[in-house]
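Written below as structure tokens is the structure these notes are about.
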Amino acid sequence: MIEFREVEKRYPNGFLALNQINLQIEQAEFVAIIGLSGAGKSTLLRCINKMHGITGGSLSVDSVDVHQLKGKGIRKLRRNIGMIFQSFNLVTRVSVLKNVLVSFVPNMPFWRKMLGIFTKEEKLKALMALDQVGILDKAYVRVDQLSGGQQQRVALARTLAQNPSIILADEPVASLDPVTAKQVMEDFKRINQEFNMTIIINIHHVELALAYATRVIGVRSGEIIFDGRACEVDEEI
Ligand code: ADP
Ligand code: ADP
């Protein structure tokens, strides 16, 4: 479970990006955080894996106080929390399979990554993750030969192979066309249901949020202005 208690995030320049956030997210929820650009969605998401440190209140993940974590503790937290970005963050000049492999094996020595030495077991795990998002046939294709939607699926497979219990996705469909965006949302929904993974995505596209997530949280000026089941949200949000 993720728990925010009176969380405040003030950036070094003094800007208060999160104000008095109280929020509980249970295991296996599929949450969409909606709001205009600059509302604080990305800040909120990035506090969960400590990409940003909070400046007030407390935040815990599975009863661990995130604020207290240092080096090793942060790495452990991030192994349990997969993160997906709008820009995919893939290595475009190597194969899909290699992109998945280099990122999910924890503490892999640099030379093994460089030389591309992986065990059969590791390869199998990576291939299974690709199969889960429907791009097994692209395993040996270079990432720069894939469409945007396929690249986002590679990013999703890479995260799945890491076997996290939580996936955070920061505007994962913002740069995709409407049809592809829906397909990627379908993937999230299926993964949420099949593996009981907690999924929290930032999305400015309200209809997509309502159609796929089970809970929708509205953020405005660093505050939560709405929190409810997707089927209860009205038009005005
Ligand atoms: P969203 O994801 O909803 O677009 P963000 O969380 O990125 O919003 O940003 C929330 C607010 O915090 C914005 O007004 C933004 O300009 C500000 N902000 C983001 N990062 C920083 C930073 N490093 N320093 C100061 N202000 C920031
Ligand atoms: P933190 O201090 O929590 O580590 P970062 O320094 O990583 O935050 O800031 C994240 C990014 O947010 C920065 O690269 C910065 O360019 C961007 N940013 C967004 N809005 C603003 C803003 N209003 N002022 C400064 N930086 C901002």
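The values are calculated or read from the model by the stated rules, or taken from the named source; none is laboratory data. All values derive from a computational prediction rather than experimental measurement. Virtual Cβ from ideal backbone geometry, glycine too; neighbours counted across all protein chains shown. With ligands, DNA and RNA removed, areas are computed over all heavy atoms of the protein, side chains included. Shrake-Rupley method; radii C 1.70, N 1.55, O 1.52, S 1.80 Å.
Taking all protein chains into account, the per residue accessible area for the stretch 152-205 stands at 35 Å² (1.4 Å probe).
Could you provide, to the nearest whole Å², the per residue accessible area of the stretch 29-100 with probe 1.4 Å?
Numbers: 3310 Å² over 72 residues.
Accessible area per residue: 46 Å².
What separates the Cα centres of the stretch 134-158 and the stretch 1-62 is a distance of 30 Å. Considering only 22, 99, 13, the mean-square fluctuation computed in a Gaussian network model of the chain, springs between alpha carbons under 10 angstrom, is largest for 13.
Listed by chain and number, the lysines whose alpha-carbon sits under 16 Å from that of residue 41, ignoring those within fewer than 8 places in the same chain, are 9, 50.
Percent of Cα pairs in the stretch 194-237 per distance bin of 5 Å, from zero to the largest separation: 5, 19, 35, 24, 12, 4, 2. Working ranking of peptides 135-145, 165-175 by packing, defined as the average number of other Cβ atoms within 10 Å per residue, highest first, is 165-175, 135-145. Taking a point 7 Å from the Cα of residue 141 along the Cα-to-Cβ direction, the residues of the stretch 88-126 with backbone N closer than 12 Å to it are 96-97. State log₁₀ I(q)/I(0) for the chain at q = 0.14, 0.16, 0.18 Å⁻¹ as given by the Debye formula over alpha-carbon point scatterers of equal weight, solvent excluded. Log10 I(q)/I(0), no solvent term: -0.91, -1.15, -1.38. For the stretch 96-237, with all protein chains in place and a probe radius of 1.4 Å, 51% of the accessible heavy-atom surface sits on carbon or sulfur. For a straight C-alpha distance cut-off of 27 angstrom, the lysines reachable from residue 120 (same-chain residues fewer than eight places away being disregarded) are 76, 98, 138.
Take 70-80, 25-35, 149-159 and order them by the average number of nearby Cβ atoms within 10 Å per residue, most first; the result is 149-159, 25-35, 70-80.
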